[in-house]
Amino acid sequence: VKNKIMYGKKVKGIERSTFLIGPDGVLREEWRGIKVAGHVDDVLKAVKDLKQEAA
């Protein structure tokens, strides 16, 4: 939950976030305040990099 200003009023809203958890259960990456455009590509690259590290 994050404070935002909408239509001149202070409100509480949701901040879009994505978390990448490795196979060992450890948080490997986090993205906060993301924009939808291009985000999937960023996450996919991080997953591929993580998979390559594990190999």
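Here, each number is a calculation from the coordinates, and none is a lab measurement. Values in this document were obtained by computation on a predicted structure and should not be read as measured data. Reconstructed Cβ throughout: ideal geometry from the backbone, glycine too, with neighbour counts over all protein chains shown.
Computed from backbone phi with θ = phi - 60° and the Karplus coefficients 6.51, -1.76 and 1.60, the 3J(HN,Hα) list for the range 7-16 is 6, x, 10, 7, 9, 9, x, 8, 9, 5 Hz; x is used for glycine and proline. 3J(HN,Hα) along the range 37-54: 4, x, 5, 4, 4, 5, 5, 4, 5, 5, 5, 5, 4, 5, 5, 5, 4, 6 Hz, from the Karplus curve 6.51 cos²θ - 1.76 cosθ + 1.60 with θ = phi - 60°, whole Hz, x for Gly and Pro. Residues in the range 29-53, backbone N under 16 Å from the label point at PHE19 (7 Å along the Cα-to-beta-carbon vector): list them, ranges by number please. Residues passing the 16 Å test: 29-34. Amide H to amide H, with H built 1.01 Å from N, ARG16 comes under 5 Å of GLY33, ILE34, counting only residues 5 or more places away or on other chains. Amide hydrogen proximity for GLU29: with H placed 1.01 Å from N in the peptide plane, the residues at 5 or more positions away or on another chain lying under 5 Å are LEU20. Candidates (i) -0.74, -0.78, -0.86, -1.07; (ii) -0.76, -0.79, -0.84, -0.96; (iii) -0.84, -0.89, -1.00, -1.24; which is the computed log10 I(q)/I(0) by the Debye sum over Cα atoms at q = 0.19, 0.20, 0.22, 0.27 Å⁻¹? This structure yields the entry labelled (i). Summary value for the chain: 22 percent relative contact order, contacts being C-alpha pairs under 8 angstrom separated by 6+ residues.
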